[in-house]
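What follows is a set of notes on a single structure, which appears directly below.
Read the figures in this text as sums done on the coordinates, not as results from a lab. As the structure is a prediction and not an experimental result, all values here were calculated from the model. Every residue, glycine as well, gets a Cβ built from its backbone with ideal geometry; the counts of neighbours run over all protein chains shown.
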Amino acid sequence: MSETESGTSLDERYRQAARRCLDSVVWEGRVSPADAFAELGRACRELGIDDWDTYGKGGPVERVEREVAELFGKPDAVFFVSGTMAQQAALRVWCDRRGSSRVAIPASAHQLHHENDGPRLLQGFRFEPLTDQRRPATVADLTAIPGHDRLGAVQLELPLRDPGCLLPTWEELTAFSATARELGVPLHVDGARIWESQAWFARPLADVAALVDSMYVSFYKGLGALSGAAVVADDATAAELRAWRQRLGGQLYRMTPYAVSALLGLRDRLPQMGEYVAWARALASELTSRGFKVVPDPPHTNTFQVFADAAPEALLTRALAFVESRRVVPCGGWWEARTPGVAVTEVAIQQAALAYDPAEVAGWWAELLG
Ligand SMILES: Cc1ncc(COP(=O)(O)O)c(C=O)c1O
């Protein structure tokens, strides 16, 4: 990380410049808290929300739980303020029932890299790597685990984010689910970006949910909510999830603001998810023709990785100059890839990108290469 004379790193200067911009190609443009709260107020009126939830009961929390359960064709859904908490609760329920704390999980899973070791320290999970490969897990990965039939649970991440948001084929997924069922091992899915995966499977979300015992979904990635998550499951499991939500301190007196923003995302963003994916694929194809390498190619979802034969500092320096002169954020940060001399970045396409032409944006990226 390069430091300037004032001690601020180039990455931080880029982040600060990006935060000052209203327009962005990746993720979302900046919305002030005042504007976001005004939008939530409008949404309450439009959606006819005139009641609060109280400790997660009633109001928009119950409404979002109902909508999500229906979308996924599951008997119930439980709202959580974070996915981190939601997944601790889900895996804890399965492990307690099975009398085993062993959970098979991809080596790149969120719980192992971005949660400060909380799930292991707080719940005593013993995580076993389902796969450490940069590909979705297969039946062979599951059955290669010693004592796989005695696991407390197995978790898939759909899509597997760290290697570029990779998805299995429908046949691979159904085979995995059938094997977990034959073994009697509960299958939990980290579906933080499941909305973004529907175009790949080309099936209703309920078809995906029918293959799993529980699935966590997130409201604040492609759906653009303030925060929040839900777990879809059967009635008995949902009742236990609510008990764990309370034990974990997740039963806030009011969760209404998060739930309203989730309802807004379901109403306004979910129908556009296919467009985000199509736009992402169009950009990926334009970037490939300009000498960038894209993974996966074509992207499975709205999110993918881009590799460039350049130093991250050189790309970031030009990106910073671009943001300062053009007032649009063309890309996120760049990091050193595993291959020396190659830089990598993640591209997540959401609502904000739709205002631009993928070919024009790819032209901006070509400028970054110098
Ligand atoms: C794949 C995945 N799982 C779980 C989480 C955790 O969600 P939360 O930030 O709501 O705790 C995230 C958040 O980015 C994620 O990307």
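Which condition number in (1) within 18 Å of the chain's Cα centre (by Cα); (2) within 30 Å of P119 (Cα to Cα); (3) free of Cβ contacts under 8 Å to residues at least 12 places away in the same chain is the one that P271 fails?
(2)
Which residue out of V306, V329, V344, V361 is touching a residue at least 60 places away in the same chain (Cβ under 8 Å) and touching a strand residue (DSSP E or B) at 6+ places or on another chain (Cβ under 6 Å)? If you could, list the steps in order and put the result at the bottom.
Working: V306 fails: touching a residue at least 60 places away in the same chain (Cβ under 8 Å); V344 fails: touching a residue at least 60 places away in the same chain (Cβ under 8 Å); V361 fails: touching a strand residue (DSSP E or B) at 6+ places or on another chain (Cβ under 6 Å).
It is V329.
Is there any pair linking a residue in segment 107-123 that is within 11 Å of the ligand (Cβ to nearest atom) to one that is acidic (D, E) and not in a helix (DSSP H, G or I), with Cβ under 6 Å and at least six apart or on different chains, and which?
Filtered contacts from segment 107-123: S108/D162; A109/E157.
Name the single residue that is nearest to W200 (Cα to Cα) among those in segment 238-287 being among the hydroxyl-bearing types (S, T, Y) and surrounded by fewer than 20 Cβ atoms within 10 Å (Cβ to Cβ).
The selected residue is S285.
Quick one: count up the residues across segment 201-244 that are away from the ligand (no atom under 16 Å from the Cβ) and farther than 16 Å from K74 by Cβ.
3
Answer with yes or no whether D235 is within 22 Å of the chain's Cα centre (by Cα) and more than 21 Å from F304 (Cα to Cα).
no
Does segment 130-171 hold any residues that are within 21 Å of D297 (Cα to Cα) and hydrophobic (A, V, I, L, M, F, W, C), and which are they?
Residues satisfying the conditions are A137, L158, L160, C165, L166, L167, W170.
Select from segment 15-41 the residues that are closer than 18 Å to L315 by Cα and assigned to a loop (DSSP other than H, G, I, E, B) and write down the one among them that is farthest from the chain's Cα centre (by Cα).
V25
Can you tell me which residue is surrounded by the fewest Cβ atoms within 10 Å (Cβ to Cβ) among those in segment 179-193 that are hydrophobic (A, V, I, L, M, F, W, C) and either within 10 Å of the ligand (Cβ to nearest atom) or within 13 Å of D149 (Cα to Cα) (or both)?
Looking at the filtered set, the residue picked out is L183.
For V78, only one of the following conditions fails: (1) within 15 Å of the ligand (Cβ to nearest atom); (2) farther than 26 Å from A206 by Cα; (3) surrounded by 19 or more Cβ atoms within 10 Å (Cβ to Cβ). What is its number?
Only one criterion is unmet by V78, namely (2).
Among the residues of segment 91-101, write down those that are buried (at least 20 other Cβ atoms within 10 Å of the Cβ) and away from the ligand (no atom under 14 Å from the Cβ).
R92, V93, W94, C95
Return the only residue of Q155, Q88 being within 16 Å of the ligand (Cβ to nearest atom) and either touching a His at 6+ places or on another chain (Cβ under 6 Å) or at positive phi (or both).
Unique residue meeting the criteria: Q155.
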